[in-house]
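The values are calculated or read from the model by the stated rules, or taken from the named source; none is laboratory data. Bear in mind that the values here come from a model prediction, so they are computed numbers and not experimental data. Glycine gets a Cβ as well: all are built from the backbone with ideal geometry, and neighbour counts include every protein chain shown. Note: areas computed on protein heavy atoms with side chains; ligands, DNA, RNA excluded. Shrake-Rupley method; radii C 1.70, N 1.55, O 1.52, S 1.80 Å.
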Amino acid sequence: MLALILALGSVAAGADELDDKLALARELSYGESWSQARPLLEEIEAQVSPERIGSYAEYQLLRARHETLSGDGEAAIARMERLLEHPLAANQQIEALHQIAHSAVLLRDYERGFDGLTRALALDPEAINNQHRIPILNMAAYMFGRVGETERALQHGRRAIELARAEGDLRAECISRQRVAPVLKWDQRAAEAERAYRLGIEQCARIGNALFVGVLEHGLADLLRNQGQTDEAFELASRAIEALDEGVFPLGEFEARLVHAETLFDRSPDTIAAPPWPQRLESLEAFMREHRSWDQLARLEALRARIALHRGQPHAAANHLERQLEAREQFLGHERQMRLAYLEVQFDTRLKEQEIELLHERARAAEIESLAGRQQQQLRNLVLVLAGLLVVLLVVVLGRTRRAHRHFRHLSRHDGLTGLANHSWFFDHGKALLSQTPEPGRHRYLLMADIDHFKQINDTHGHPVGDQVLRALAEKLRGQFADDALIGRIGGEEFGVLTEAPSAESMLERIERLKAELRANRRHSDGPTISLSLGLVQIARDESLTDAMRRVDQLLYQAKSAGRDRLVTDPNIQPHPDPSPRP
């Protein structure tokens, strides 16, 4: 008996020690240096077990958070989906779903992001404490705001503020106000947005959170600049840069630097047109291209165009405006993908509701049939016919909804004009293809093609002719490259091809055939003259798609600078003997 008591005491002590270590790991994980928690999590990994579901879930949630912070969002999502198969408390369910939605948004997988958010919002709020409800409400405010569901976004954001104030949690209130203010700005409600920004700055300053103050000051500076209040906007942007730099938030810092530069031009255009500002603007461009901040890049190019006009350089201004349009097109593609993902999840929800209703109707039909069996034959036949018609009607509606669902999925991945992969799907699917091992004896190549002087074609012949040119080039690319090639329209007049080939020579032959077709069309067609600037790289074994794109972009730029209508290949491309027999 004494041995049993000692053993139970040892188990209890071990459980208490595990809980203490998990509490310390959470504190470190949500502190300034989250990586310090990693050794502690590795130490206690062997001690956690699904038998103690509370501690097990806490450990898995912390591991998923670290995977997301380390850039491995897919691993975090998979871990959380496995965790949700266990009987979790409501607080841990909503935290797991919040982690899924957050990781999916970072991966730009908006369909999974909205799915996780919808599942979290469907949980019973009475079973969840405010500490766990506030983060998912904040995420809902951001995501619904981005897809134009402003009132729904504000409803969730304001509810988060109410809960934070009820709890007396000043930090949570600061974060929630930081989410609401941009939603009002996106909806162009300037006066309300300004009040929200100022309240947020006051709240976050009260708790000494300089980082969040900097984020809000940057947003307010951008709002005031657009209203012509350049002096206060300049001061706010200057303070925001310093706060975001100290808080190690580079994306926010560089966006604040852009607002600072725009405001400085409004105040003193001669200053920003002189050194060292051109070099600073180049640094901004490099950062924004690397992080694919297309909306910010479009604003930067618009600012450069204004500077060029101020300096009497109309040709340079036109080039910057053309690059602004390209960046804007990339951004709109990103926004469309997010909106379509939201609509697709909405369709999924309605589809499930209709499936449930269909089951209910079938059950009702069975009940009616049973009742009719005890009545006259004529009445039973009539009821069965009516029930059958109702089921057929619901099946037809369900079939149409499924077709609409497939249609939205196709739209979210393909360019509506050419039918090729759109910008987001080209990069997402391309990364997945590069994670697979190529077939023996074959090598991967990335080709980028840009239609020369496409803007001139639109201006001279009209946009309908420009659209015909885009569709015709898409068909020629399909005809020259194998069915397994990933072909996408990744910009306004920019196309990409990710494919495998036995040798660089075989790739060059395909490209030459493509160029020959274009030359033949020029000789036998009365339409616009079409030529391409092209860049070609061979993708190394461990090279990412982002790195390969950066290299091929440089080659494409060289082709344009050298006079267009030419191919520039990577000088380090490796020749390989083509094993295929020749005629």
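Just a few scattered comments:
- Cα-based equivalent ellipsoid of the range 414-544: semi-axis lengths in Å, sorted from largest, via gyration tensor: 28, 17, 11
- For the range 193-220 versus the range 260-327, the gap between their alpha-carbon centres in whole angstrom: 27
- The range 478-564, accessible area per residue, ligands and nucleic acids excluded (1.4 Å, Å²): 46
- Taking amide H as placed 1.01 Å from N in the peptide plane, HIS414 has its amide H under 5 Å from the amide H of ASN422, each at least 5 places away in sequence or on another chain.
- Measuring nothing but how far apart in sequence close Cα pairs (under 8 Å, 6+ apart) lie, relative to its length, the range 121-240 scores a relative contact order of 18 percent.
- Along its three principal directions, the equivalent ellipsoid of the range 454-522 from the Cα gyration tensor extends over semi-axes of 25, 14, 9 Å, largest first.
- Structural size metrics of the range 83-165, computed from C-alpha coordinates, are Rg and Dmax of 12.3, 35 Å.
- Sorted peptide list for 133-143, 276-286, 236-246, criterion being average Cβ within 10 angstrom, highest first: 133-143, 236-246, 276-286
- The range 122-180 and the range 426-498 have Cα centres separated by 42 Å.
- The orientation-averaged projection of the convex hull spanning the C-alpha atoms of the range 175-287 amounts to 6.8 square nanometres.
- Near GLY228, once Lys and Arg are set to +1 and Asp and Glu to -1 for all other residues with Cβ below 14 Å from its Cβ, the sum equals -4.
- Charge tally around SER49: other residues with Cβ under 14 Å, Lys/Arg +1 each, Asp/Glu -1 each, net -3.
- Whole-Hz couplings from phi, Karplus 6.51/-1.76/1.60, listed for the range 527-540; x for Gly and Pro: x, x, 6, 10, 9, 10, 9, 10, x, 9, 10, 9, 7, 5
- Environment charge at LEU514 (Cβ cut-off 12 Å; Lys +1, Arg +1, Asp -1, Glu -1): +2
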